[in-house]
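Here is the structure we will look at, set down as structure tokens.
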Ligand code: GLA
């Protein structure tokens, strides 16, 4: 029984059927720590690098029309931003008129989208094809927005929403629920869209006792998501519904050109499965144009470096550059927001009315050196090399072995900081060159270098130097190739390090926002799972992977011959009992292992010949002792060598 004493509503027949047929990993009774010999993070859809483009929501809310969308699309092309990579034009909430009851077909608001009227057809025959054809002819891709439930976010949460769907209760049911195949076919085949963003308000906000259901406005939908409680969220049912969309997309465009954007705001434990299903997955509730809110959204993604890979990226939400705290009068904040999103491989999606684009904003959106960090083919999200509530250093390893480096001052006072060669995993006895990606000025130093950061400033550089590991790569330098297939998190606690901001939607009413992103304790690069420095038997390690006992990491091997690490139980373990077993697999076969690893013992070397191996798996098992509170473990200096 849930804590409130209310029984959770019975599953709806469709969800129950989906659950019955969904073969979710770990449900079949097999040990999830056994090697699979394959890469399981999402490889469907098209997102080898983070998607870039424009979306109507931050610019216009739901008050959208064709002129606004085409105006921004035209500016993307004429300003050269499309050439710089911003090619996706996404229509967000506000396009629906109704769902036609005679055949379930969705109808577009032709008052706002005149080109959607079908010549010679009936008034409710509409098509987005003329608009997507125009976008495609401009060399752009087109995106559409829907909801997993029967109703949309605007319908449920916003009383004065522009462009609300109209008609009877049934006609206002414009969401995907019960229409997944029909709508995906309509959006992708008939209307020619290339991307779909799938929101989750309709499976969250319409319990039978909600005012909008009681008043007869909408049909009830059992709340599958409880934003305040993961225990009261039906994670499997939410996942099954989103899986049905992913499968429909793959049927519609087999192996093809589409992009699935999951919009669950970090709820429903999406941090654990979004990377296996969608191309981008929102880690937080909506961004607003406020410094504090930008910090919140950044924090939800910034420590998830191992959960982002080519094909599936953390989505910290759309850019708010151009508005509020990030408008032209605040270039320091605008540049920080942009640089940070680039570094953490968040999609770069402009949320500004580009018809008003100024040279100043163009220079931010169009900084090709910073875009190149985000779009680097190696697909490594930046790793936090120095972490505090005031200043953070982010380091991103690029395909050519150079680094993107961001020195970020979160605070409202200036900060003097020192960057060390070791934080870049460069040698401290050879020259390092930094190129400032806003000014192009270069700095050369050996060992360490001081900088002064203005309030809210992010200095962003490209760095080259002599790599500390000359004959290989540390795994923490290539998080894009490490997938925590099983991360061992059993207590799904919210991440306490995420900045709590005052939200625009509730102000200071109530007790303050509750963080939804329940990934605390998941695998980390260069950190222990709870944020400490990696430490085994009293020795600190600045490089390696922090994991939990009961985890299995998949590692893509791109031609390296040897894997090596020093393994041990992390000194951060709360209970100094039990032992660990570390195993290395190559394409499913056990290559090496070490047993009986106990607390406060020095780390032990563990190596394996991985020549010719495609997928290496690193398994950490608890052997002896309770598994209720999995011990943190360390693969120190985990590295692949030529
Ligand atoms: C949710 C999403 C936003 C936007 C709105 C539209 O809040 O998180 O990004 O799509 O819905 O109503």
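Report, ordered by the first and then the second residue, all pairs with beta carbons closer than 9 Å, sequence separation of six or more or different chains, a first member in the range 28-46 that is farther than 18 Å from residue 588 by Cβ, and a second member that is modelled with pLDDT under 95 and part of a loop (DSSP other than H, G, I, E, B).
44/255; 45/253; 45/256; 45/257; 46/256; 46/257
Looking at the range 189-205 only, could you name the residues that are within 15 Å of the ligand (Cβ to nearest atom) and either at pLDDT below 95 or not in a strand (DSSP E or B) (or both)?
200, 201, 202, 203, 204, 205
In the range 343-362, what residues are part of a helix (DSSP H, G or I) and either within 16 Å of the ligand (Cβ to nearest atom) or without any contact (Cβ under 8 Å) to a residue 40 or more places away in the chain (or both)?
Within the range 343-362, 356, 359, 360 meet the criteria.
For residue 244, only one of the following conditions fails: (1) more than 16 Å from the ligand (Cβ to nearest atom); (2) in a loop (DSSP other than H, G, I, E, B). What is its number?
(2)
Considering the range 469-489 alone, what residues qualify as being closer than 20 Å to residue 40 by Cα and either in a strand (DSSP E or B) or more than 21 Å from the chain's Cα centre (by Cα) (or both)?
Listed by number, the residues that qualify are 482, 483, 484, 485, 486.
Quick grid of which residues meet (1) within 21 Å of residue 197 (Cβ to Cβ); (2) assigned to a strand (DSSP E or B); (3) within 16 Å of the ligand (Cβ to nearest atom):
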| residue | (1), (2), (3) |
| --- | --- |
| 86 | yes, no, no |
| 101 | no, no, no |
| 112 | yes, no, yes |
| 119 | no, no, no |
| 122 | no, no, no |
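For residue 178, are the conditions met, namely being at positive phi and either in contact (Cβ under 8 Å) with a residue 24 or more places away in the chain or within 15 Å of the ligand (Cβ to nearest atom) (or both)? Show your work before the answer.
Working: at positive phi: yes; either in contact (Cβ under 8 Å) with a residue 24 or more places away in the chain or within 15 Å of the ligand (Cβ to nearest atom) (or both): yes.
The answer is yes for residue 178.
Within the bounds of the range 149-159, is there any residue that is closer than 24 Å to residue 280 by Cα, more than 16 Å from the ligand (Cβ to nearest atom), under 25 Å from the mean Cα position of the chain (by Cα) and not in a loop (DSSP other than H, G, I, E, B)?
no
Any idea which of 444, 427, 481 is at pLDDT 95 or above, surrounded by 20 or more Cβ atoms within 10 Å (Cβ to Cβ) and either in contact with a strand residue (DSSP E or B) (Cβ under 9 Å, 6 or more places away or on another chain) or over 28 Å from residue 313 (Cβ atoms) (or both)?
Result: 481 is the single residue among 444, 427, 481 that is at pLDDT 95 or above, surrounded by 20 or more Cβ atoms within 10 Å (Cβ to Cβ) and either in contact with a strand residue (DSSP E or B) (Cβ under 9 Å, 6 or more places away or on another chain) or over 28 Å from residue 313 (Cβ atoms) (or both).
Filtering the range 299-323 down to residues that are assigned to a helix (DSSP H, G or I) and within 16 Å of the ligand (Cβ to nearest atom), which residue is farthest from residue 556 (Cα to Cα)?
300
Quickly run through the range 130-148 and pick out the residues that are over 17 Å from residue 93 (Cα atoms) and either within 16 Å of the ligand (Cβ to nearest atom) or buried (at least 16 other Cβ atoms within 10 Å of the Cβ) (or both).
130, 134, 135, 138, 140, 141, listed by residue number.
Just to be sure I understand, how many residues within the range 92-128 are touching a helix residue (DSSP H, G or I) at 6+ places or on another chain (Cβ under 8 Å) and surrounded by fewer than 16 Cβ atoms within 10 Å (Cβ to Cβ)?
Counting residues in the range 92-128 that are touching a helix residue (DSSP H, G or I) at 6+ places or on another chain (Cβ under 8 Å) and surrounded by fewer than 16 Cβ atoms within 10 Å (Cβ to Cβ) gives 2.
Just give me the residues in the range 69-91 being farther than 21 Å from residue 360 by Cα and surrounded by fewer than 22 Cβ atoms within 10 Å (Cβ to Cβ), in sequence order. Show your work before the answer.
First pass over the range 69-91, keeping only residues farther than 21 Å from residue 360 by Cα: 69-70, 88-91.
Correct list: 70 only.
Being out of contact with any helix residue (DSSP H, G or I) (no Cβ under 7 Å at 6 or more places or on another chain), free of Cβ contacts under 8 Å to residues at least 40 places away in the same chain, surrounded by fewer than 17 Cβ atoms within 10 Å (Cβ to Cβ) and not in a strand (DSSP E or B) is the requirement here; does residue 596 meet it?
For residue 596, the condition - out of contact with any helix residue (DSSP H, G or I) (no Cβ under 7 Å at 6 or more places or on another chain), free of Cβ contacts under 8 Å to residues at least 40 places away in the same chain, surrounded by fewer than 17 Cβ atoms within 10 Å (Cβ to Cβ) and not in a strand (DSSP E or B) - is not met.
Against the condition within 16 Å of the ligand (Cβ to nearest atom), touching a residue at least 40 places away in the same chain (Cβ under 8 Å) and not in a loop (DSSP other than H, G, I, E, B), how does residue 239 come out, does it pass?
Details: within 16 Å of the ligand (Cβ to nearest atom): no; touching a residue at least 40 places away in the same chain (Cβ under 8 Å): yes; not in a loop (DSSP other than H, G, I, E, B): yes.
Criteria not met by residue 239.
Does the range 206-218 contain at least one residue that is closer than 28 Å to residue 51 by Cα and either within 16 Å of the ligand (Cβ to nearest atom) or at pLDDT below 95 (or both)?
No, every residue in the range 206-218 fails to be closer than 28 Å to residue 51 by Cα and either within 16 Å of the ligand (Cβ to nearest atom) or at pLDDT below 95 (or both).
Taking residue 277 as the residue in question, decide whether it is in contact (Cβ under 8 Å) with a residue 24 or more places away in the chain, within 30 Å of residue 389 (Cβ to Cβ) and either away from the ligand (no atom under 15 Å from the Cβ) or surrounded by 24 or more Cβ atoms within 10 Å (Cβ to Cβ) (or both).
Details: in contact (Cβ under 8 Å) with a residue 24 or more places away in the chain: yes; within 30 Å of residue 389 (Cβ to Cβ): no; either away from the ligand (no atom under 15 Å from the Cβ) or surrounded by 24 or more Cβ atoms within 10 Å (Cβ to Cβ) (or both): yes.
When the stated conditions are applied, residue 277 does not pass them.
Could you run through the range 170-188 and say how many residues are under 13 Å from residue 14 (Cβ atoms) and assigned to a loop (DSSP other than H, G, I, E, B)?
Residues flagged as under 13 Å from residue 14 (Cβ atoms) and assigned to a loop (DSSP other than H, G, I, E, B) within the range 170-188 amount to 5.
The values are calculated or read from the model by the stated rules, or taken from the named source; none is laboratory data. Quick caveat, the model's predicted, so the values are computed rather than measured. Heads up, the Cβs are rebuilt from the backbone with ideal geometry, glycines too, and the neighbour counts pull from every protein chain shown.
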